[in-house]
1. Grab the helices (runs of 4 or more DSSP H) fully contained in segment A:26-114, keeping just those with 2 or more residues being of a type in the set (Val, Ile, Thr).
2. Restricted to segment A:1-16, and to residues that are buried (at least 21 other Cβ atoms within 10 Å of the Cβ) and of a type outside the set (A, V, I, L, M, F, W, C), which residue is nearest to the other protein chains (Cβ to nearest Cβ)?
3. Would you point out which residue out of A:Ala99, A:Ala121, A:Ala87, A:Ala79 is within 11 Å of another protein chain (Cβ to nearest Cβ) and either modelled with pLDDT under 85 or exposed (fewer than 15 other Cβ atoms within 10 Å of the Cβ) (or both)?
4. Which is within 30 Å of B:Arg174 (Cα to Cα), out of contact with any Leu (no Cβ under 6 Å at 6 or more places or on another chain), buried (at least 21 other Cβ atoms within 10 Å of the Cβ) and in contact (Cβ under 8 Å) with a residue 40 or more places away in the chain, of B:Leu556, B:Leu532, B:Leu548?
5. Does B:Gln571 meet the test of being more than 13 Å from B:Met446 (Cβ to Cβ), within 14 Å of chain A (Cβ to nearest Cβ), surrounded by fewer than 21 Cβ atoms within 10 Å (Cβ to Cβ) and modelled with pLDDT under 90?
6. Among the residues of segment B:20-46, which ones are within 14 Å of chain A (Cβ to nearest Cβ), at pLDDT below 85 and surrounded by 15 or more Cβ atoms within 10 Å (Cβ to Cβ)?
7. When only residues in segment A:29-39 that are out of contact with any Pro (no Cβ under 9 Å at 6 or more places or on another chain) and facing another protein chain (nearest Cβ under 9 Å) count, which is farthest from B:Gly69 (Cα to Cα)?
Amino acid sequence: MRTLQKILYVEDEPDIQAVARVALEMVGGFTLEICSSGQEALESAKVFHPDLILLDVMMPGMDGLTTMRKLRDQPGMAAVPMVFMTAKVQPEEVQEYLAQGAKGVIAKPFDPMKLSEEVRAIWEQDHG
Amino acid sequence: MAEDRTAAAEDQLRALREMFRQRLDTDIPELERLADMLFGPEAPHPPDTTDTGDTKLKKLNQALHKLAGSAGTFGCPELGAAARDLEIRVQRWLEGEHPESSETRAVHAGVHALRGLVPTMQTVSETASEAAPKSLLAKAPDSLPANTASKRQEEPVEICLVEDDQELADNLKRAFGHFGYRVDHYERLPDAAEAMLHSPPDVLILDVTFHADGLNTIEQVALSPVYHDLHCPLIFLADQDDFEIRVQAARVGAEGFFLKPLDIPKLIDRVELTVKHLQTFPYRLLIVDDDEDLADHYALVLRGAGMEAKALSTPKRILEIMEEFQPELVLMDVAMPGYSGMDLARVIRMHEQWTSLPIVYLSAETDRDRQLSALSSGGDDFLTKPIADHHLVAAVSVRAARMRQLNDLMVKDSLTGLLKHSRIKELIAVEFARAKRDQTPLCVAMLDIDLFKNLNDTYGHTVGDQVIKALAHLLKQRLRKTDAIGRYGGEEFAAVLPRCEADSALELLNDIRERFKDIRFTADDQVFSVTLSAGVVTAARYPDASDLLAAADEALYEAKRGGRDRVCLGQLHVKG
């Protein structure tokens, strides 16, 4: 099984970015690239070649779902698992994201000490 | 090992939580002010719930959303839940539901109840702040140097533009957009002032022609407390030159005064200079102390001040770690079991690379003669333990700042701030070796401004320099942090793109080419644009770094021969 190394995280909130950096880089040991908008993520994904993408659902400008669709259209990105992060974890909302092709949904606020495990679990489920 | 990592992460999270709580001291009163304006006794009922433009209600909703998202993560779950609840209610009004006055009162009260949900502050312990530290350093200033509040490179710089000429505003928005800035445009000064209360910009650009109550823009700015509290750089735009107005602008501390028709690249250049200090990378410091707790404490204090600090309690791997971490200053304990700080300083100094690195000793030693003798063996300064946190931060950042200035002078081109020829060549060699070793893709690009000589001949060297600077800014903005950019020759630039495949590099360079072409320069009342050509090569196909460079040059030449304003990918010429 391929190991998960490079994660692209799309989140507009600088506070959450800082926590995620600690959670994924220091605790998880992943290589992390953070983008502040969907537009930026489209650019970044081309050069960073992430193994997995974490997307905030609610962002100003391009939202999480649109970003996912556009990322999918880029060459080489169709197989990269995408995971949503959202504060409103209603079951129907989760179902909708999964139906759209997301590999998982992580609830916000997340526990910084456990986020890496959650991400890794989704990765293993996808690759197991 | 994993435990170390967890402990370090927890420290970092604690520091982040502390910062978040400190910020609540200003964020929550702002939310309250916004709620007062919307739902207070003087506010109209029902509040304006149209979901268009930047209404106050929308701002309140955004601020609540932000708080709801972050509070939970930063260990304030009640606060987060309360903010979420309020956000959902306000959201419904934005979606068209008509609010009852009892509901707006409830939300108003709810916002004011938020401050009661902030957990009580835990102040970071100040180690022996009462013991006055003795130092050979010149007395550090009370206010810390710029780096303490360094803005992370990833965040876009926000410009607040107040301009009633829509066409000019659009042009500025587009031009600044190319350089990665975010521009919030307002047509009226009061609108901007109100927006700034909520989210302060990094730079404020104002047209001086707004009049209210017989006051011009500058007088309004001078009299309003909103702008004082912002501490953000001010730039004024004016239709005509007027000495009185220039003096007024200088008095309110303006950083720039630009006449219309605007020379946009010059304006961008000024903004770049102004915000440069906001965007510096954090200083990198290595702390060597056998007392692990103390080393971690220092590291935490320095990180809290925006620096990147690494603590080392066993010095055996110090050279290896320095090579990897590239510190800009070493803070060294004097008395350690096995090796003294002086021994380690000598070991470090034996490496040519580290001859100018500042090494500052930290010790309980108060005898001046012995301090001085320690300095003769490779150290630069002496700080006496115990040292108060704020003193440590001041002493270290002053030193690191000076080191960085010197280093910049040594390796950077003065016009563009990019790396000098010799340094970029070195870096190409280093990255080439790394790419071969790690088997990762690497691209190198050469860029050249088209027909630059004509430009210089027509408009003069000052204009030529302006064009070079504009391209330099654009490159800095479009490339990643891990990419290196150098000014290779007069109007020639080299870029090193590690972990980058050829197609991505081509796409990136074509994007830069398009954006550069779109910049409008002004000289002698003429508006013109300039194009560039570029050649790209991928490292994998070449046996050594100099072949790679030659091939990039060849590809650039190919682009020029092909008619300029294009990017060519280098082909390997197989002999025979």
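The values are calculated or read from the model by the stated rules, or taken from the named source; none is laboratory data. These figures come from a predicted structure and were not determined experimentally. Don't worry about glycine lacking a Cβ; one is built from the backbone with ideal geometry, like all the others, and counts go over all protein chains shown.
1. So the answer is A:64-72.
2. First, pick out the residues of segment A:1-16 that are buried (at least 21 other Cβ atoms within 10 Å of the Cβ): A:4, A:7-11, A:16.
Still in the running and of a type outside the set (A, V, I, L, M, F, W, C): A:9, A:11.
Values: A:Tyr9: 11, A:Glu11: 9 Å.
The extreme case among them is A:Glu11.
3. Working: A:Ala99 fails: within 11 Å of another protein chain (Cβ to nearest Cβ); A:Ala121 fails: within 11 Å of another protein chain (Cβ to nearest Cβ); A:Ala79 fails: within 11 Å of another protein chain (Cβ to nearest Cβ).
Answer to the check: A:Ala87.
4. On the way: B:Leu532 fails: out of contact with any Leu (no Cβ under 6 Å at 6 or more places or on another chain); B:Leu548 fails: within 30 Å of B:Arg174 (Cα to Cα).
Answer to the check: B:Leu556.
5. Working: more than 13 Å from B:Met446 (Cβ to Cβ): yes; within 14 Å of chain A (Cβ to nearest Cβ): no; surrounded by fewer than 21 Cβ atoms within 10 Å (Cβ to Cβ): yes; modelled with pLDDT under 90: yes.
Against the criterion (more than 13 Å from B:Met446 (Cβ to Cβ), within 14 Å of chain A (Cβ to nearest Cβ), surrounded by fewer than 21 Cβ atoms within 10 Å (Cβ to Cβ) and modelled with pLDDT under 90), B:Gln571 does not qualify.
6. Of everything in segment B:20-46, those that are within 14 Å of chain A (Cβ to nearest Cβ), at pLDDT below 85 and surrounded by 15 or more Cβ atoms within 10 Å (Cβ to Cβ) turn out to be B:Phe20, B:Arg21.
7. Checking each candidate, the answer is A:Gly29.
One line per residue, one yes/no per condition, for (1) of a type in the set (Ser, Thr, Tyr); (2) crowded, with 16+ Cβ neighbours inside 10 Å:
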| site | (1), (2) |
| --- | --- |
| B:Asp202 | no, yes |
| B:Tyr227 | yes, yes |
| B:His231 | no, no |
| B:Ala238 | no, yes |
| B:Val247 | no, no |
| B:Val252 | no, yes |
| B:Arg270 | no, yes |
| B:Val275 | no, yes |
| B:Pro282 | no, yes |
